[in-house]
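The values are calculated or read from the model by the stated rules, or taken from the named source; none is laboratory data. This one's a predicted model, so the numbers in the text were calculated from it and none came from an experiment. When we count neighbours, we look across all protein chains shown, and the Cβ atoms used for this are built from the backbone with ideal geometry, even at glycine.
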Amino acid sequence: MLTRTRAIVLKNLATGEADLIVTYLTEELGLIRAFAKSPRKTGSRFGSSLEPFSFVRISLFGKEGTGLLRITGSDIIEPFQEIREDLKKVFSLAPVINLTERLLPEREPEKKSFSLLLLTLRHIRDSGPEASVILCLYYMVRFLDLHGFSPKLDHCTGCSRDTATYQISQGSLYCAECASQYKNEGSVSIRISEGTKRLYYALLKWNIKSILRIKVSPAILDELIQLLEGHIRYHVIQRGSPPLFHLQQPQAFHQG
Ligand SMILES: [Zn+2]
C-alpha cells in the first residue's frame, strides 16, 4: 500500500545507526509513526523535511493497518524554519506536541486537529515570540474541545451559582456546598479567577486574530496553565507521566 498525504512533523527520534522514526499528524491518516532509512547520512534526499514542525507532503509505504510505515518521499510545503530557530517558540510548543501525541489514537483521520495545528503554527511563525504561549494555549483549549475533554468553567455544575472553585476530578466548577455532596477521597480543587475564566472562553470562542490582541497578565497565564496541566493529567494522560508543561516557572514563559 502506498499512501500520499500532507503532514506536520511532531517529532523525530534517532534509531539504529542513522535511521529516524518520525511522528506526524497527517491530514488523511491522523497520527502516525513512520520510519526513514538513513536520512542522517550525507546526500539524503529528505533534507530538513523530517525536522519538527515541517509541513510536508509525504509518501508512505507499508502494509494496511500493521507495522511501521516507511517514508519513501517527503517534500516541504512550508518549512517553519523560523519556529525551529526560536527557542521560546519551540519550548512553548512542547506541551502542544505532547498533548497531541498522547491523546490521539494512531491511524484515525483527524482533519480538524490537523487544520488547527497548521493554523496555530502559521500564527506562531508570523508572530513575535511573546505571542507563542497564548497561541499554544489557544491550540490546547480548542484541541481538548474537539475531543470532548474541555474543562467547564462557567458556573457551579450543581446549582448554577458563581464560584471560583474548579474540581479537577469533575472537570468543572463546584461551589463548596455542592462539592460536599459528592466529596470523594483525594478530590483536588483549584481556585481560578474571573480573568482566567474570561481568557479561557476567549480562547475557546474568539477567532485567532482577536486572541492575538488580548493583553494577559503573567498571573492569569500561569493560572490557566496550572488548570490545564491538572485537568489534562487527570482526564487525558496517565497521572504518573511527566509534566506536560515542562517549563512551568514563570520566568521561562514570560521573559522575552
Ligand atoms: Zn453549587
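Can you work out which of the residues in the range 150-195 that are in contact (Cβ under 8 Å) with a residue 24 or more places away in the chain and β-branched (V, I, T) is nearest to the ligand (Cβ to nearest atom)?
T165
So which residues in the range 123-139 are touching a Lys or Arg at 6+ places or on another chain (Cβ under 9 Å), without any contact (Cβ under 8 Å) to a residue 60 or more places away in the chain and more than 16 Å from P95 (Cα to Cα)?
The answer is R125, and nothing else.
Just need a number here: residues in the range 76-132 that are out of contact with any Leu (no Cβ under 9 Å at 6 or more places or on another chain) and exposed (fewer than 15 other Cβ atoms within 10 Å of the Cβ).
10
Just to be sure, is Y200 outside the structural domain of S132 (by TED's automatic domain parsing) and at negative phi?
Numbers: outside the structural domain of S132 (by TED's automatic domain parsing): no; at negative phi: yes.
No: the conditions fail for Y200.
Of F91, F46, F53, F80, which residue is over 30 Å from I214 (Cα atoms) and aromatic (F, W, Y)?
On the way: F91 fails: over 30 Å from I214 (Cα atoms); F53 fails: over 30 Å from I214 (Cα atoms); F80 fails: over 30 Å from I214 (Cα atoms).
Answer to the selection: F46.
Looking at the structure I just gave you, is L244 modelled with pLDDT under 90 and more than 16 Å from the ligand (Cβ to nearest atom)?
Values: modelled with pLDDT under 90: yes; more than 16 Å from the ligand (Cβ to nearest atom): yes.
Against the criterion (modelled with pLDDT under 90 and more than 16 Å from the ligand (Cβ to nearest atom)), L244 qualifies.
Looking at the range 60-74, which of its residues are under 25 Å from the mean Cα position of the chain (by Cα) and surrounded by 15 or more Cβ atoms within 10 Å (Cβ to Cβ)?
L60, L69, I71, S74
Looking at (1) within 27 Å of the chain's Cα centre (by Cα); (2) in a helix (DSSP H, G or I); (3) within 15 Å of the ligand (Cβ to nearest atom), find the lone condition where L203 falls short.
The failed condition is (3).
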